[in-house]
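*Asks:* Sharing a structure, written as structure tokens. Questions coming.
Only the coordinates and a few stated rules stand behind these numbers; no lab work does. A quick note: this is a predicted structure, and the numbers were derived from the prediction, not measured. Ideal geometry is used to build each Cβ from the backbone, glycine not excepted, and the neighbour counts take in all protein chains shown.
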């Protein structure tokens, strides 16, 4: 991004924080007009389409374009994973997360955590626990490790409830 686009991008991000979505949208559009390969601007446009318009198709298009523009820009991968999880497109999510494991700018504990969440949503609690444990092993952040430990406890509780009800 050139200096003008960077400044405009920071202004748009501030607009988002202040709930001025229309202003942010216009700024991102302006950036993309000048620099159509701006991964951060595509990512932020995708976020707006997903969260403010519930337009998952346009959001996904912007997230994927951001990845094509800069394969090391991590934020788009996070949003693609969230979108696929929201839409319960679990097979695609699995493929996406496998790809994320090969991107050096992505926190691998986050990837394993998303694998785990996907399995938990599908009520595969043993697999979820396995992936939460892998997330712990990949993490160096004590707070994240505590969170993953709580996630494991939740999955263990769900396993017990399932057994209690004979499922």
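*Asks:* Below 8 Å between Cα atoms, with a sequence gap of 6+, how large is the relative contact order for the range 1-71 in percent?
*Replies:* Relative contact order of the range 1-71: 25 percent.
*Asks:* Stretched out fully, how many nm does the piece from residue 54 to residue 72 gain, at 0.36 nm a residue minus the Cα gap?
*Replies:* Gain on stretching residue 54 to residue 72: 3.9 nm.
*Asks:* Report D for the chain in µm² per second (integer): Stokes-Einstein, Kirkwood Rh on Cα pairs, 10 °C, 1.306 mPa s.
*Replies:* Stokes-Einstein gives a translational diffusion coefficient of 92 µm²/s.
*Asks:* Describe numerically, in nm with one decimal, the distance between label points set 7 Å from Cα along Cα→Cβ at residue 164 and at residue 2.
*Replies:* A separation of 6.4 nm, rounded to one decimal place.
*Asks:* Hey, another quick one. According to a simple spin-label model (label point 7 Å from Cα along Cα-to-Cβ), what is the distance in nm between residue 95 and residue 23?
*Replies:* 4.1
*Asks:* Over the chain, what relative contact order in percent results from Cα pairs under 8 Å that are six or more residues apart?
*Replies:* The normalised contact order for the chain reaches 11 percent.
*Asks:* Can you work out the FRET efficiency for the pair residue 64 and residue 105, with r the C-beta to C-beta distance and R0 = 30 Å, to the nearest 0.05?
*Replies:* 0.95
*Asks:* How far is helix 125-138 tilted, in degrees, relative to the longest principal axis of the Cα atoms in the chain, given as a value from 0 to 90 rounded to the nearest 10?
*Replies:* 60
*Asks:* Indicate the gyration tensor shape class of the range 1-92 (rounded, prolate or oblate), computed on the Cα atoms with a ≥ b ≥ c the square roots of the eigenvalues: a/c under 1.5 is rounded; otherwise a/b larger than b/c is prolate and the rest oblate.
*Replies:* Oblate, because a/c is 1.5 or more while a/b does not exceed b/c.
*Asks:* Quick check on the chain: helices-only [θ] at 222 nm, where DSSP H runs of length 4 and up contribute -39,500 (n - 2.57) each and the sum goes over total residues. Nearest 500, please.
*Replies:* Result for the chain, helices only: -26000 deg cm²/dmol.
*Asks:* Angle between the Cα long axis of helix 142-164 and the longest principal axis of the chain, 0 to 90 degrees, nearest 10?
*Replies:* 50
*Asks:* Shifting gears a bit: Give me the angle, in degrees from 0 to 90, between the Cα long axis of helix 108-121 and the longest principal axis of the Cα atoms of the chain, rounded to the nearest 10.
*Replies:* The helix 108-121 is inclined about 60 degrees to the chain.
*Asks:* Taking 0.36 nm per residue of sequence separation and subtracting the Cα-Cα distance, how much length would be gained by fully extending the chain between residue 30 and residue 146, in nm to one decimal?
*Replies:* That works out to 37.6 nm of additional length.
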